[in-house]
Amino acid sequence: MTGGISIEGLEVRYGKLEAVKQLDLSVRGGELVAIVGPNGAGKSTTVRCLAGLVTPASGHLFIDGINVNKLSPEERVRLNLAFVPEDRGIFRRLTVQENLKLGRVAGAKKSGSGLDLTAVTSLFPILGERQTQAAGLLSGGEQQQLAIARALLTKPSYLVIDEPSLGLGPQVITTVYEALRKVRDDYGLGILVVEQSLRRVQKYANRVLILREGMVRSEHAVDASIDFAELEKAYFGVE
Ligand code: ATP
C-alpha cells in the first residue's frame, strides 16, 4: 500500500503487559476510520504509536508508503500526519490566536494548500470570536475545536484524534463530528478517531474496528446495509 496511513503487525508492551497485539489497520484519504473499544483496550496506545509518542515492540508504521518507525513526532508531522491527543495538547496560557499560529507555522514549512485560517474559523466559528482569549479559559468543547483547528493548520493529509468527544456535551460533539465529516468530504483528509462509544461514530465512520484487550476483534464497513445490533454484539464480545 502506498497512499494512506497503515499499521502492520503492531505489538506494544508496557513491562509484562501486552497492550497491543498483532494489530493491522489502514486509513486512506477521504475516509474516516474509527477504533472503538472499552477502557484499556489499547486504543490510545495504538494512535500514540502512529504519532511517534510510544515505541512499538514490533510492527511497522507507514505514512504514504514511508516507514516512519524511526522518525520523530515532528518528522511525522512533516509527512502530513496530525495528531490530537486525548488531553488536546493546547497551550493554556497562550491565546486562541497564538495557539492557531503554532499550527500555521508548522504548516507554512510544507507545500500543499490545505485548510487556511479562514477555512478553520468557518468550521469552528467560536474560535474567530475568541481569538484574543487565553486558551485555558475556553470550555472543554471549545478547547477541542481549537486543538483540531490547530492540527488542521499544519496542512495534514491524515488527522488522528484520540477521543474527541471525551467529557463533551452532545451539541458540541455534533459540531466536532460535522467538522470532521466536512474535512473528509471537502478536503479529502483521511481521519482516524478513537472512541469508547460506538454510537458516537456510527453516523460518521466509513469503517469501524472493534478493539478489545489489545486485539482487533472485528472490522466493519459502515454502509446502508450495516446491522448496528451486530456491531454492538461485536463490541461487547457476544458470540
Ligand atoms: P481508555 O479508553 O481508557 O483511554 P485505551 O483503549 O485507550 O483505554 P490504552 O490507554 O492504550 O487503552 O491502554 C492499554 C493498556 O495499557 C491498559 O491496560 C493501560 O493500563 C496500559 N497502559 C497504557 N499506558 C501505559 C503506560 N504508560 N505504562 C504502563 N501501562 C500503560
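Using only side-chain charges placed at the Cβ, +1 for Lys and Arg and -1 for Asp and Glu, the dipole size of the stretch 5-236 relative to its Cα centre rounds to 580 debye. Taking a point 7 Å from the Cα of Ser197 along the Cα-to-Cβ direction, the residues of the stretch 156-174 with backbone N closer than 19 Å to it are 161-174. Across the chain, the longest piece that holds none of the trypsin sites (Lys or Arg not before Pro) lying in DSSP loops with up to 11 other C-beta atoms within 10 Å covers 110-202. Rounded to 0.05, the FRET efficiency of the Arg93 and Val238 pair, given R0 = 45 Å and the Cβ-Cβ distance, is 0.40. Site pair Ile66 and Ala134 shows an inter-label distance of 3.8 nm when each label is modelled 7 Å from Cα along Cα→Cβ. Farthest towards the positive end of the charge dipole of the chain, among the residues Gly40, Leu81, Ile226, is the Cα of Leu81, using unit charges on the Cβ of Lys, Arg, Asp and Glu. Summary of the geometry: the stretch 84-111 and the stretch 1-57, compared by the centres of their Cα atoms, lie 24 Å apart. In the elastic network of the chain, a GNM with C-alpha springs shorter than 10 Å, the most mobile of Gln171, Gln131, Gln97 is Gln171. Give me the angle, in degrees from 0 to 90, between the Cα long axis of helix 170-187 and the longest principal axis of the Cα atoms of the chain, rounded to the nearest 10. The angle comes out at about 90 degrees.
Derived value for the chain: Kirkwood hydrodynamic radius 18.0 Å. Basis is the mean of 1/r over every pair of different alpha-carbon atoms. A crude spin-label estimate for the pair Leu53 and Arg181, with each label 7 Å from Cα along the Cβ direction, gives 2.7 nm.
Note that the stretch 129-206, at 37 °C in a medium of 0.692 mPa s, gets a Stokes-Einstein diffusion coefficient of 250 µm²/s from its Kirkwood radius over C-alpha pairs.
The length gained on full extension between Ser111 and Met215, counted as 0.36 nm times the residue separation minus their Cα-Cα distance, comes to 33.8 nm.
Each Cα pair under 8 Å and six or more residues apart adds its separation to the average, and for the chain the resulting relative contact order is 29 percent.
Quick note: the coordinates plus some simple rules give every number you see, no bench work behind them. A quick note: this is a predicted structure, and the numbers were derived from the prediction, not measured. Virtual Cβ from ideal backbone geometry, glycine too; neighbours counted across all protein chains shown.
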